[in-house]
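For reference, the structure is listed below as structure tokens.
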Amino acid sequence: MLTTESFTHFPVQMWEKVLSKVKKAVVFMDDKCAEALHWCGGAAVLLEAGARNLKEFSSFEACAVNEPKAVFVVSTLLKGRTVDVIKDIISLSHFQYCVVFTTVAHSVHLLANNVTTEMEGSPVFEQFEEKLCEWMGNMNYTAEVLHVPVVFAPVSQQLLLTPAFAHLFPLLSPDLESLNAKRPEKKRFGSLVDVDVHSLPVGLQLEIKSLASALNSLFEATGTREESFAVGPMSRIIAGELANHPQAKNRRKIAPNKASIIFVDRTMDLTGAVGHHGDNLVEKILTVLKHLPGHVTDVQVDMLELTSVQRTPHSQSTLAPGCLAQTQSPAAQSLWEAMLTNKHKEGVIEVRRQLVETASKEKLPIKMSMGRVTPEQLCSYMQLFRSSWGALESHCGVLQLGLATAQTLGHPSLPRWDACLAFERLLLQALGDSDFPVVLRQLLPLMKPRGGEDSTLGWRSREDECGPDELILLLVYLYSLADEAQPADQDTQGTLEKLERELIGALTLVITRETELSPLLQKLTGCANPEELTTERAHATVEGMFKTLRGLSHTRDHLKQLRSVYTPSDGVHQATYRPFLRQILEEVFHPERLECPDIEHMSGGLTDLLKTGFSMFMKVSRPHPSDNPLLFLFLVGGVTPSELRLIKEIVSTDKPGTQVMVLSTRLLRPTDIPQLLFTTQRLLPDIGI
């Protein structure tokens, strides 16, 4: 029987194809492939397979005379900048043997070169092999160009991420305006639901086709015949591409295993992605710790506590950081699963339990203490390992996860999490009692520069004072729920526009008064430090944000049933947020197997068209997501750790026998959403054209 383990093992199998070529080679790898490898064993597996070195995929890298073999691993098309970088590296080196692996299938390369017919062999790859020999300076040297879909990262037993598609995000109303601006007036789209794949810019079309090809490889390797379903405009396009993939049609005829896959647009529920209601330890770790350089998901863990090095302003640059991806230690993997899919308190207690158990096994002089887990307590346990190099090496994975937990619990910005949660709850209650401008006005008193004379307001202290990041998150949270507010008067539109102008001015002032720009503000404004940031630039950034914010409440307008993520107060119970994923799973696992009009079946072809026709005058059984023992949920635009916990809880309660695997473009922290909404060029993805 097919299990989720078959799918988490698939990425490792794909990397084995790369490992078979790296003996005595210097490996050049781009960031997206490096992140996928990071969750499959990291650089260690390359070196164990015989690689001489691992270098960044950059024009500034090269090899010495005694390094004649190179392997390139890239996540892009073999066009444009990618080709330039490969040529630069080869020109500066003395290679006699080059192997290039690309995650983009040859069929997508043909489309990128405007070839629409199927061709025998791999002519694009063969031509590139000739170019490699030309750049090496001898046509008798060896060159190979191969496709290998190393795009999946097995982050947990139930989660596969696709770092190569981390910036793929459902389209929004400003994108619709951009698409319509290039179309004749009579052929303009009324909504995003009307947009098809051929209407998208070429780069985005190729990225979607590349994702469909990668999914097809996953299902082909596991002998899976999938039924595809979609919720949301972008999901419909991706599911349609997978359904119509030429190789997928042949595979589905002979594949022995059955599965259902539901694609869901992240924009169906932005409230859950930016809210602070997620009672999950990993969500907080991802939020407060710095990114691992070049990575979208993993973070830097300060390892200083495990050494005798004195803490100085420069000590962090002396010591390599730890991380969350612990693929070599079963104990660390078990702890990671618990942290990822349990409640915050349960996760923290499990971290303490594992540290105590590990220290006891190593006969270290541990002093047990009960009650609340504190960062100081966890650090005291981990410092015991300093005295035993063997114990430190054996249990380094568990210790890194322990340090990540301690550093998060003691982080100065963590109190702001609870402050945001408290204010979000106030806003939820207000939505049921007031119109939207009245609720939105409640944000205005918060928009004061940090550290000012009037910056403390009742429930806020200097420690939990909201900064620009938190204010932007609250704006996204509230605008995503705008339609849940009480009906407004006719004069409200003018009132709302005036209020928005006030908010734009206030938020601009908050941003320009910052003494240091957060990573989010750097991305939004394009400025690395406050000295570069002018008032005009900050104002233009905030105005652009509000243009996008205004459309966020309409992302579910096309749905017939699952139109709301808000349950108003009934006088007895408070108003609550109702996760969109919960609603989808309740529909899928409903005992009466009801058909939800919003979960659209996409694996059609002729059979499905015939069933649709016959259903007009007779009862026809349509495919249902619960028909198969294995269910995939693909969150286009990212999934949060608290959603992983929610999925696990619902499945264990409603349908214990079903196996559920989550696929997504990235593991989200709240501040990822403003970056994806306001800065990502959704219509112009970077795929190497």
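The values are calculated or read from the model by the stated rules, or taken from the named source; none is laboratory data. Bear in mind that the values here come from a model prediction, so they are computed numbers and not experimental data. Counting neighbours? That spans all protein chains shown, and the Cβs are built from the backbone with ideal geometry, glycine included. In case anyone asks, the SASA skips ligands and DNA or RNA and just uses the protein heavy atoms, side chains included. Shrake-Rupley method; radii C 1.70, N 1.55, O 1.52, S 1.80 Å.
Details
- Those trypsin sites (Lys or Arg not before Pro) in the stretch 527-578 that DSSP places in a loop and that have at most 16 other beta carbons within 10 Å: 550, 560, 563
- Two-decimal ratio, the stretch 290-410, of alpha-carbon radius of gyration to 2.2 N^0.38 Å: 1.01
- A simple charge model with +1 on the Cβ of Lys and Arg, -1 on the Cβ of Asp and Glu and nothing else charged puts the dipole of the chain at about 1060 debye relative to its Cα centre.
- Shown in residue order for the stretch 182-194 are the 3J(HN,Hα) couplings computed by the Karplus curve 6.51 cos²θ - 1.76 cosθ + 1.60 at θ = phi - 60°: 9, 10, x, 4, 6, 10, 6, 7, x, 7, 5, 4, 7 Hz (x for Gly and Pro).
- The lysine pair tally for the stretch 4-149, using Cα distances under 17 Å and a gap of 8 or more places or different chains, is 16.
- Dipole in debye (nearest 20) - the stretch 322-479, about Cα centre, beta carbon charges: Lys, Arg +1; Asp, Glu -1: 520
- Lysines with Cα under 26 Å of residue 258, excluding same-chain neighbours fewer than 8 positions away: 209, 249, 611, 619, 648, 655
- Size of electric dipole in the stretch 290-410: Cβ of Lys, Arg +1 and of Asp, Glu -1, about Cα centre, debye, nearest 20: 320
- Of the trypsin sites (Lys or Arg not before Pro) found in the stretch 265-314, those that fall in a DSSP loop while having at most 12 other beta-carbon atoms within 10 Å are 290, 311.
- Protein accessible area in the chain, 1.4 Å probe - carbon and sulfur %: 51
- Antiparallel DSSP beta bridges within the chain, as percent of all bridges there, nearest 5: 15
- Which of 237, 86 is most accessible, then next, and so on - probe 1.4 Å: 237, 86
- Nearest-10 value in Å² for the accessible area of residue 308, using the 1.4 Å probe: 100
- Considering only Cα atoms, the convex hull volume of the stretch 4-149 works out to 115 Å³ per residue.
- Under 5 Å, built H, 5+ apart or other chain: amide partners of residue 55: 27, 28, 29
- Per residue accessible area of the chain, 1.4 Å probe, in Å²: 44
- For the stretch 362-414, trypsin sites (Lys or Arg not before Pro) meeting the loop criterion (DSSP other than H, G, I, E, B) and having at most 11 other Cβ atoms within 10 Å: 363, 367, 372.
- Residues whose amide H falls under 5 Å from that of residue 143, counting only those 5 or more places apart or on a different chain, are 98, with hydrogens built in the peptide plane.
- Sorting 653, 162 on solvent-accessible area from highest to lowest, probe radius 1.4 Å, gives 653, 162.
- Residue among 223, 436, 122 farthest towards the positive dipole end of the chain, charges placed on Cβ: 223
- The residue list 80, 58, 91 was ranked by how far each Cα lies along the charge dipole of the stretch 45-97 toward its positive end, using unit charges on Cβ atoms, and 80 comes out on top.
- For the stretch 493-506, 3J(HN,Hα) computed residue by residue from phi via the Karplus equation (6.51, -1.76, 1.60; θ = phi - 60°) reads 4, x, 4, 5, 4, 5, 5, 4, 4, 5, 5, 4, x, 5 Hz, glycine and proline entered as x.
- Per-q log10 I(q)/I(0), the chain, q = 0.10, 0.12 Å⁻¹ (Debye; single scatterer per alpha-carbon; no solvent): -1.08, -1.52
- Top positive-direction residue, dipole computed over the chain with Cβ charges, set 254, 324, 487: 254
- Taking Lys and Arg as +1 and Asp and Glu as -1, the other residues whose beta-carbon sits under 13 Å from that of residue 646 total -2.
- Accessible-area order (highest first, 1.4 angstrom probe) of the listed residues 479, 97: 97, 479
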